[in-house]
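J.: Here it is, the structure, as structure tokens.
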Amino acid sequence: MIPLMLDLAGRTVLIFGGGDVGVRKAAFFQHEAKVTVISRSFSPAFDGLTIRRCRMEIADLREDELVRMLTGAFLVVTATSDPALNDRIGSLCRERGVLWNNAAGEQGDVLVPSIVAGKHYLLAVTTFGMSPAVPRYLRLRLEREYAELDGMIALQRDLRAMLKDAEPVQDRRSATLWSVLCDEDIWAALASDYNRALHLAEERYLACPR
Ligand SMILES: C[C@@]1(CC(=O)O)c2cc3[nH]c(cc4nc(cc5[nH]c(cc(n2)[C@H]1CCC(=O)O)[C@@](C)(CC(=O)O)[C@@H]5CCC(=O)O)C(CC(=O)O)=C4CCC(=O)O)c(CCC(=O)O)c3CC(=O)O
Ligand SMILES: NC(=O)C1=CN([C@@H]2O[C@H](COP(=O)(O)OP(=O)(O)OC[C@H]3O[C@@H](n4cnc5c(N)ncnc54)[C@H](O)[C@@H]3O)[C@@H](O)[C@H]2O)C=CC1
């Protein structure tokens, strides 16, 4: 498997199953895509989500009816509590080239990772289904450990711009930016005040501070 960052604007994501897992997947996709959830029952947690619901018994659907539902979908999530039903929908997806994520049953073509995200970065973590608790654990650790990452990225952007004017040698620009990244005092300053961190970086690592 390889990671891809997908732009799902305007795409349709179909979710089969309206339980806790269906809710989690719907919440994951709702800001990016048009989400429709098909299920015979819906957890109350769906009430706050901006998705379309379709109440029906899926096992009774004929193959051609299911195929019609899949038409136009970019990605299908199967999250019913019936793995055989999930797999049946999944094999129709595969025959038609629709991406498939399976919450229970055989492994689909797509895994939903844990996401560590800020304004300027996005990390996706997976164990390929071996231990879903581990990506969650890592997400919580990384969120704590790198709470100032957005600030550091902004600082690096600003310093890069300054260095391009001030330092003609690429290797020295690169070494300076790396030193800033490795400076614990600068990380600590970012936690309280961006400008203080910027001044500290200029003072310590730029030849001609402002
Ligand atoms: C294959 C995959 C398919 C898919 O769903 O895409 C899948 C499958 C299954 N998960 C199960 C259980 C749990 N899943 C979680 C949590 C998450 N699961 C997620 C993804 C994935 N889960 C995909 C693989 C991802 C990978 O490995 O990297 C995350 C990352 C994203 C998300 O779904 O939102 C999200 C963390 C988000 C976050 O917090 O950051 C926890 C932890 C908890 O909630 O405390 C538990 C309980 C502990 C445990 O079992 O480990 C079960 C067993 C059910 C049972 O026992 O009956 C199955 C089915 C099976 O294994 O057969
Ligand atoms: N991928 C993941 O992260 C996880 C996966 N799981 C597995 O995912 C599956 C779903 O878990 P939950 O959402 O907790 O289960 P759940 O029982 O709360 O929800 C299942 C949903 O599927 C619907 N459904 C089932 N059969 C249907 C049918 N024939 N027609 C229409 N609707 C149908 C139910 O009405 C219900 O809304 C389970 O098999 C569970 O073991 C569980 C935990 C985490």
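The values are calculated or read from the model by the stated rules, or taken from the named source; none is laboratory data. Given the structure is predicted, the values throughout are model-derived calculations rather than measurements. Every residue, glycine among them, receives a Cβ derived from its backbone with ideal geometry; neighbour counts consider all protein chains shown. Only protein heavy atoms, including side chains, enter the accessible area calculation; ligands, DNA and RNA are left aside. Shrake-Rupley method; radii C 1.70, N 1.55, O 1.52, S 1.80 Å.
J.: Output the residues belonging to segment 36-55 that are among the hydrophobic types (A, V, I, L, M, F, W, C) and more than 12 Å from ARG24 (Cα to Cα).
T.: Of everything in segment 36-55, those that are among the hydrophobic types (A, V, I, L, M, F, W, C) and more than 12 Å from ARG24 (Cα to Cα) turn out to be ILE38, PHE42, ILE51, CYS54.
J.: What tally of residues in segment 9-25 results from selecting those that are over 15 Å from SER39 (Cα atoms) and in contact with a Phe, Trp or Tyr (Cβ under 7 Å, 6 or more places away or on another chain)?
T.: 2
J.: Out of GLY118, GLY105, report the one residue that is open to solvent by 20 Å² or more (accessible area, probe 1.4 Å), touching an Asp or Glu at 6+ places or on another chain (Cβ under 8 Å) and either within 11 Å of ligand 2 (Cβ to nearest atom) or polar (S, T, N, Q) (or both).
T.: Just a single option satisfies the conditions, and that option is GLY105.
J.: Please count how many residues of segment 116-132 are within 9 Å of ligand 1 (Cβ to nearest atom), touching a strand residue (DSSP E or B) at 6+ places or on another chain (Cβ under 9 Å) and free of Cβ contacts under 8 Å to residues at least 40 places away in the same chain.
T.: Residues flagged as within 9 Å of ligand 1 (Cβ to nearest atom), touching a strand residue (DSSP E or B) at 6+ places or on another chain (Cβ under 9 Å) and free of Cβ contacts under 8 Å to residues at least 40 places away in the same chain within segment 116-132 amount to 3.
J.: If ALA124 meets every condition in (1) under 20 Å from LEU4 (Cβ atoms); (2) outside the structural domain of GLY19 (by TED's automatic domain parsing); (3) within 12 Å of ligand 2 (Cβ to nearest atom); (4) outside any helix (DSSP H, G or I) apart from one, which number is that one?
T.: All conditions pass for ALA124, except number (3).
J.: Mind listing just one residue for me: the one in segment 11-58 that is assigned to a loop (DSSP other than H, G, I, E, B), open to solvent by less than 50 Å² (accessible area, probe 1.4 Å) and not polar (S, T, N, Q) and, of those, nearest to PHE74 (Cα to Cα)?
T.: Filtering first and then ranking leaves ALA33.
J.: OK, next. Quick one: how many residues across segment 133-153 are of a type in the set (Phe, Trp, Tyr) and more than 13 Å from ligand 1 (Cβ to nearest atom)?
T.: 1
J.: Then there's this: Kindly indicate which of GLY118, GLY108, GLY97, GLY72 is farther than 22 Å from MET56 by Cα and over 22 Å from the mean Cα position of the chain (by Cα).
T.: The conditions single out GLY97.
J.: I want to confirm something. Restricting to segment 61-84 and keeping residues that are outside any loop (DSSP other than H, G, I, E, B) and open to solvent by less than 20 Å² (accessible area, probe 1.4 Å), which single residue is nearest to ligand 1 (Cβ to nearest atom)?
T.: Restricting to residues being outside any loop (DSSP other than H, G, I, E, B) and open to solvent by less than 20 Å² (accessible area, probe 1.4 Å), the top hit is VAL77.
J.: Kindly indicate whether PHE74 is more than 14 Å from ligand 2 (Cβ to nearest atom) and closer than 21 Å to VAL23 by Cβ.
T.: yes
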